[in-house]
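In what follows, a structure is listed as C-alpha cells, so that the remarks can point back to it.
Laboratory data are not the source of any read-out in this text; all were calculated from the coordinates shown. Here the structure is a predicted model, which means the values were calculated and not measured. Virtual Cβ from ideal backbone geometry, glycine too; neighbours counted across all protein chains shown.
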Amino acid sequence: MVRRELEPLAPQDALDWYLEHRLDDLRTATRRKHSSALGTFVDWTDEASIDNMNDVSGRTLMEFKTWRKNNTELNTLSLNGNLAILRVFLQFCEDIDAVHADLSERVPLPNVPPDEEVNEFVPDSEEVEGIQSYFRRFEYASRAHVEFELIAEIGLRMGAVRAIDLDDFDPENRVIHLRHRSEGREEYGTPLKNGSDGERIINISDGLRTFIDDYVEYTRHEVVDRYGREPLFTTSSGRPSTTTIRRDFYKMTRPCGYSNDCPHDRELSDCDATQNSSAAKCPSSFSTHPMRKWSIMHQLDEGVPKELLSDRVDVSVPVLDKHYDQRTEERKSRRRREALEANLTQYAMTDGGSPVNEDTKK
C-alpha cells in the first residue's frame, strides 16, 4: 500500500474544518457536544506544544487520555464518549491527509464497567406521588405541574416536551402529536432525538387532558416563538429552553418544597438549595431523565407490553431493557405471573390459592 504524504494542518484549523464539514449532518446540540469535546483536545495540544496534526501519534493519544482522566471529573462512561468523538474527528483528519492512516483506530477507549453503563437513580413512587399531590393542590395547572404530569404519565424526553406546539395537542381525541421540526444551519429548532423516526401520536388519559386544558386556559402565555409557532409550554417571552424545563424540575422535586421536610437534616434557613437558583444543589432534587425512567418502570409494572411501550417512549426494546427497566427480579417475576394468570388457564388461581383444574371447572 502506498503511504500518502501528509499535509501540515494546525489542530484548531482541523477542528474548524471538521465542524464546517459536519454542519449539515449534526444537529445543533450534537455539534455543540463535538465542539466542546474536541475543543478540550485542541487546548491540550497547545499545552503539549503540538502545532501540527501530522505529529499526533498513538503515544500522543495515550498521553491525552491519561491527562483527560486525571484532570477532569468525567466518569468512565463520559470519558469513553469524549474519546469516541475524538476517534470520529481523527477519521476526518485521515481523509484530508492531516494524520497518519488508521490513527483513529489507536484512540484508547476505556472499558466501561457494567455498573457505570446504567445510571441507577430513579425516584420512588412515594416521592412522585408527594410531588403530584402538592402541585395538584397548591400550584395546579402551572407549567411545571403539567410538565411533571406529562413525563410521569408518558415518559417523554425533555426535548420532546419542549417541542410540542399548541396545535399538536388534540383534546377531543386525547392525543398529542409529536413532530420533528428540524434545525436550520444557523437556527435551533425543536428536533426530536431520533429525527423524523421519533414522530408519533401519543395517547393520553382523561386526567392529563384536563391538566393540559386547564393550563392552556388559565396559565399559558399567549406568545409565539422565534419561528412564529405557538408552543404549548411557554414563558412570558416564548418557548422555554431545555435549561428552563430542567430548572423547573430541580425546583419542584426538592422535598422541602413539596413536603416541608428535609431528609438530609439541614436547617432550611441555612440551606442554599432552598433558593430557586440553587435548587440543583439539593441532594434529593432530580431532573427529567430520572422521571422518565420512573414512568417507564411504572408502565411496565402496570402491564404495558414492552413492544408497545418501545413505540410510546421512542426507544428500542434492548435499550429499554438495559437502561430503563431497573425493576428487581422479584418485581419482574410478580408481573410475569400476573400476566400468565390473566392469559393462561393453567395459571389461573382458585380462591384457595391453588391452580384451577379444568375438570373441576366444568
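Please compute the contact order of the chain in relative form: average sequence separation of alpha-carbon pairs under 8 Å and at least six residues apart, divided by the residue count, as a percent.
13
For the stretch 11-116, what relative contact order do you get, as a whole percent, if you take Cα pairs closer than 8 Å and at least 6 residues apart? Present the calculation step by step, with values, prior to reporting the outcome.
On the way: 86 pairs, mean separation 31.4, N = 106.
Computed value for the stretch 11-116: 30 percent relative contact order.
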Just checking my list (1) 17.9; (2) 27.0; (3) 16.7 against mean projected area of the Cα convex hull in nm² computed from this structure; which label fits? (2)
Cross-link partners among aspartates and glutamates for K306, C-alpha distance below 12 Å, same-chain residues fewer than 8 apart left out? D314, D321, D325
One point scatterer per Cα, no solvent, Debye formula: log10 I(q)/I(0) for the stretch 11-116 at q = 0.10, 0.19, 0.25 Å⁻¹ comes out as -0.26, -0.98, -1.59
Three-way shape call for the stretch 194-239 based on the alpha-carbon gyration tensor, with the a/c threshold at 1.5: oblate
Rounded, prolate or oblate: pick one for the stretch 215-330, where a ≥ b ≥ c are the square roots of the eigenvalues of its C-alpha gyration tensor, a/c under 1.5 means rounded, and failing that, prolate if a/b is larger than b/c, else oblate. oblate
Within the chain: Cβ-based charge dipole about Cα centre, in debye rounded to nearest 20 (Lys, Arg +1; Asp, Glu -1): 380
So which of K69/K281; K65/K193; K65/K322; K65/K251; K193/K281; K69/K332 end up more than 32 Å apart, counting from Cα to Cα? K65/K251; K69/K332
Using packing as a proxy for protection, rank 243-249, 272-278 so that the peptide with the highest average count of other Cβ atoms within 10 Å comes first. 243-249, 272-278
What stretch of the chain, leaving out the sites themselves, is the longest with no GluC sites (Glu not before Pro) in a DSSP loop having at most 10 other Cβ atoms within 10 Å? 6-72
What does the helix-only formula give at 222 nm for the chain: each DSSP H stretch with n ≥ 4 adding -39500 (n - 2.57), the total divided by the residues, and the result rounded to the nearest 500 deg cm²/dmol? -14500 deg cm²/dmol
